[in-house]
Amino acid sequence: MNCKLAHERIVAAAYEELADEQTYELEQHLGDCPECAREQEQMLALRAQADAYPVLEPDANLIARSRLRLEAALDALPPTRWYERLGHRLLNNIASLEAAPVAACLLLLIGAGAGLLGGYQFAQNRVTHAAATQMAQAARGQVQPARASTAGVAAPAEIANISSIVRQPDSHMVEVRYNQMVPQRIEGSLDDPAIRQLLMLASQNSASAGVRGDSVGLLAAECRAGHGCPATGIRDALMVALRYDKNASVREKALQGLEPYVAEDVRVRDAVLEALMNDGDPHIRTAAINLLEPVEADTSVRQVLHSVANTDRNPYIRTVSRQVLNSVPEIQ
């Protein structure tokens with residue numbers, strides 16, 4: 001299997017639409033191709049992020065509003081010229097000219113020429129109208145104020161990236177700067193849904209590890225403070241950061257934010273177990289062991305701790321795992 005075919009099957013596998021035999025072939029290729037394996041990790045992270053956002057239902061009046069806009073656009077078109085009307089009339093009456101072939105052919109040629117000329121004029125008018133509309137929109141964009149309200153925040157698909165996140169000292173207010181066609185910024189409380197949406201977007205999409213760290217740190221602080229950390233949304237964003245972010249500091253902040261939910265949320269517990277088994281930073285793995293102490297009686301947690309204590313390559317991780325197991329005699 002070549003890499004091009006593997007990339008196509010990675011997408012299908014991410015949405016569980018790949019046949020068993022093709023899945024086996026893909027797994028064999030991923031084991032030999034680190035680049036395609038990274039592609040699969042990115043695709044899984046993208047799907048997890050997409051699942052974190054709610055699916056918005058279209059408004060019931062969407063069709064009615066669309067029809068009104070279409071009618072307004074048609075009314076704005078320039079009126080047809082005399083040769084356009086003549087061409088349409090001649091074409092509509094061609095059927096009645098079958099008894100006069102020569103005249104019919106002549107009129108057909110005249111009508112075709114008129115139609116082409118009319119179509120050219122129509123296209124020119126449409127291009128002019130579109131250009132004028134774009135210029136007007138650009139002019140409006142140039143005079144937009146630098147400070148935007150949370151009610152006017154762009155949709156996630158319209159945001160290029162998050163450029164900075166600043167929390168005001170001794171305050172619950174946070175400023176998020178994000179880029180569209182031109183830089184934008186928004187200020188609001190950490191409880192504001194628009195601010196939280198931007199923070200979750202920054203935790204995954206920012207090219208800057210510092211911005212990702214700031215966003216994950218703020219989300220984690222909200223979770224630890226009990227200010228609202230829903231399972232679908234912020235908690236999912238923290239789990240994605242813990243699993244896939246390349247920066248150890250960002251992963252550590254995500255792990256800290258998930259700490260209050262290890263006991264109540266099995267998905268969080270599984271994410272922490274994955275960090276214990278697979279994370280490349282020993283400090284994060286040690287922190288994961290400490291987070292699992294309240295649920296060490298859980299069967300899956302016990303099995304992972306026993307496995308790590310007996311087979312892990314890091315002697316310090318083995319020692320910490322044994323200490324946790326020995327602290328509760330009944331699960332030895």
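Taken together, the values in this text are just the output of simple stated rules run on the coordinates, not laboratory data. Note that the coordinates shown come from a computational prediction; the quantities given were computed from them, not determined experimentally. Here the Cβ positions follow ideal geometry from the backbone for every residue, glycine too, while neighbour counts run over all protein chains shown.
Laid out as a table, the results:
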| quantity | calculated |
| --- | --- |
| Sites His283 and Cys33, calculated FRET efficiency, Cβ-Cβ separation with R0 25 Å, nearest 0.05 | 0.25 |
| Rg over Rh [alpha-carbon atoms, Kirkwood Rh] for region 3-51 | 0.95 |
| For a label point 7 Å along the Cα-to-beta-carbon line of Asn161, residues of region 207-234 with backbone N under 20 Å | 207-218 |
| Net charge over other residues, Cβ less than 13 angstrom from the Cβ of Cys36 (K, R count +1; D, E count -1) | -4 |
| For region 167-236, diffusion coefficient by Stokes-Einstein and Kirkwood Rh (Cα), 4 °C, 1.567 mPa s, µm²/s | 105 |
| Largest-first principal axis extents of the Cα set of region 261-308 (Å) | 26, 21, 15 |
| Debye-sum result for region 249-332 in log10 I(q)/I(0), which assumes one identical scatterer on each alpha carbon, at q = 0.14, 0.21, 0.23 Å⁻¹ | -0.40, -0.93, -1.11 |
| Residues with amide H under 5 Å from that of Tyr178, placed H, sequence gap 5 or more | Ser163, Gln184, Arg185, Ile186 |
| Extended-chain gain in nm, criterion 0.36 nm per residue less alpha-carbon gap, Leu44 and His7 | 12.1 nm |
| Cβ-defined net charge surrounding Asn2, 15 Å radius [Lys, Arg +1; Asp, Glu -1] | -3 |
